[in-house]
């Protein structure tokens, strides 16, 4: 028995996961990101600065001094903590990546294991659309390199919809209800609140159309028409610049505007984005700008980043028929335990060799068996080749 | 596109079929269907199954959109996008209790309900203590002495336990069109057409 929501990963899946992790790490490194590893345990008060609802349910324990510790529930906050503690005297920007598991109590609705691995990148110290665009392009680059087909990155901004709600001039009570309805993604309720609060009919209709659908033909035009304040106009133009830069980087087809995009993490402050792939119902990656987060660790610099959920990415790759090959097939060598030198020779020639005793009862292929002074080689689907050691080596070289 | 219709214990309701038909959707194939069923029509597939299952399939990307009851959405808060109120199967989620037992509200209400999450949020939100008791058919719960009252759909209470008195209305319910998070981005064009067609039917009626 293992606890609810946990799982073991077995070969060959473990090998496929390793291949995915390695491929993504290479992409991150190609953009100048350096890997960081942080401890499983943080002080609870460190993670709590994120002021994030998902923390409420996190696993907590006490150390021998009575301090409350917490198993990390995501990686962005530990990376922010690490940057503020150790890099304040270093030139900006900073680029970090990680491939690491986090843990949250399992909830069947969330469709994610309790322990889940994320591959993510954080770009700290830049406030510009260029920085957002680099992150989105890096995400697209990684997904493309792995062979995810038909994915889309929805691009939105926290700044726009909060300004939009502000612009309606609602009293505090209605405003609160409206934001709650927005968080629940309940558009009929939004409509009725705004209807009662006497918002003009045209503004209202345009508003819901803008929020309710993503990437539709006239989403951007609608959003521009609705932009009644400088904050909203700035938010839109910022996003347009991000999109244009991502297109210049070669991923224009993958990006769609979504002014109704919402993120469940409360530390996001500007651009936010989510990647979706055919056959997977929840985002395979999500990210955004979190300009206030490092300030909570006494280093007021902006930041933007994203994380790919590897379990969902794996689903998307299965859907696309693009799961990377695990390690090469293992050659079972019956008699290899008695002849470590020869097993070693095969390994130096590039074979993965599992040595078993000469008399072992083995049914898997490929199989090499010592028979007295000669050897029998049984490749999957081929004839059995019998001969001396040199002959066998030559035959294996041609495989 | 892959669409799901919540059918709990029977074919899809006639009022819903009328709205879908008026919006030009292929309802002929569905009207006589016997759920659970998977129906192919005009290049789309329609899954007719219990609401909770339709919603799960939608959330996990096996269906793009679903038509489910608001009661279920209130209970599960699943993070799908609720696009449209179809204004059929109108009902209310209510709190009902035994008539005139003369005693005031106990300090901690025991409430039998198929909607424990909703019940908790409604009472706790008003600063009242409640113990939601998960119960599928609530009619007998007060008579068994299990609960002080029930939270359930008004139509169900009226039919199964007419002796109970409605004390509070919690929320209005009807069938809603919802889209999964992925579908909202990956099928945005189709979804916009669908919403547009249904909206014009509703606004015309």
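Brief remarks on what is shown
- Residue, farthest from residue A:106 (Cα to Cα), within the stretch A:9-25, restricted to residues that are free of Cβ contacts under 8 Å to residues at least 24 places away in the same chain and out of contact with any helix residue (DSSP H, G or I) (no Cβ under 9 Å at 6 or more places or on another chain): A:22
- Considering residues of the stretch A:367-386 that are in a loop (DSSP other than H, G, I, E, B) and within 47 Å of the chain's Cα centre (by Cα) only, the residue modelled with the highest pLDDT: A:379
- Here residue B:15 fulfils each of the conditions (1) away from chain A (no Cβ under 13 Å); (2) buried (at least 21 other Cβ atoms within 10 Å of the Cβ); (3) out of contact with any helix residue (DSSP H, G or I) (no Cβ under 6 Å at 6 or more places or on another chain); (4) touching a residue at least 40 places away in the same chain (Cβ under 8 Å) apart from (2).
Condition check ((1) assigned to a loop (DSSP other than H, G, I, E, B); (2) surrounded by 21 or more Cβ atoms within 10 Å (Cβ to Cβ); (3) at pLDDT below 95) across all residues:
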{"residue": "A:250", "(1), (2), (3)": "no, no, no"}
{"residue": "A:260", "(1), (2), (3)": "yes, yes, yes"}
{"residue": "A:265", "(1), (2), (3)": "yes, no, yes"}
{"residue": "A:268", "(1), (2), (3)": "yes, yes, yes"}
{"residue": "A:275", "(1), (2), (3)": "no, yes, no"}
{"residue": "A:278", "(1), (2), (3)": "yes, no, yes"}
{"residue": "A:311", "(1), (2), (3)": "no, no, yes"}
{"residue": "A:323", "(1), (2), (3)": "yes, no, yes"}
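- Residues (touching a helix residue (DSSP H, G or I) at 6+ places or on another chain (Cβ under 7 Å) and either on the phi < 0 side of the Ramachandran plot or surrounded by 22 or more Cβ atoms within 10 Å (Cβ to Cβ) (or both)) located in the stretch B:71-87: B:72, B:74, B:75, B:76, B:78, B:80, B:81, B:82, B:83, B:84, B:85, B:86
- Any hit, the stretch A:308-316, residues being without any contact (Cβ under 8 Å) to a residue 40 or more places away in the chain and within 11 Å of another protein chain (Cβ to nearest Cβ): yes
- Elements of the type strands (runs of 3 or more DSSP E) sitting completely within the stretch B:23-106 and holding at least 2 residues that are touching a strand residue (DSSP E or B) at 6+ places or on another chain (Cβ under 9 Å), free of Cβ contacts under 8 Å to residues at least 40 places away in the same chain and more than 25 Å from residue B:172 (Cβ to Cβ): these cover B:37-41.
- Looking only at the stretch A:281-295, and only at residues there that are more than 18 Å from residue A:255 (Cβ to Cβ) and within 24 Å of the chain's Cα centre (by Cα), the one that is farthest from the other protein chains (Cβ to nearest Cβ): A:294
- Residues within the stretch A:83-113 that are buried (at least 19 other Cβ atoms within 10 Å of the Cβ) and not in a strand (DSSP E or B), tallied: 3
- Screening the candidates B:73, B:63 for the property of being within 12 Å of the chain's Cα centre (by Cα) and either within 15 Å of residue B:184 (Cα to Cα) or facing another protein chain (nearest Cβ under 8 Å) (or both) yields one hit, B:73.
The values are calculated or read from the model by the stated rules, or taken from the named source; none is laboratory data. Note that the coordinates shown come from a computational prediction; the quantities given were computed from them, not determined experimentally. Neighbour counts are summed over all protein chains in view; Cβ atoms, including those assigned to glycine, are modelled from backbone coordinates with ideal geometry.
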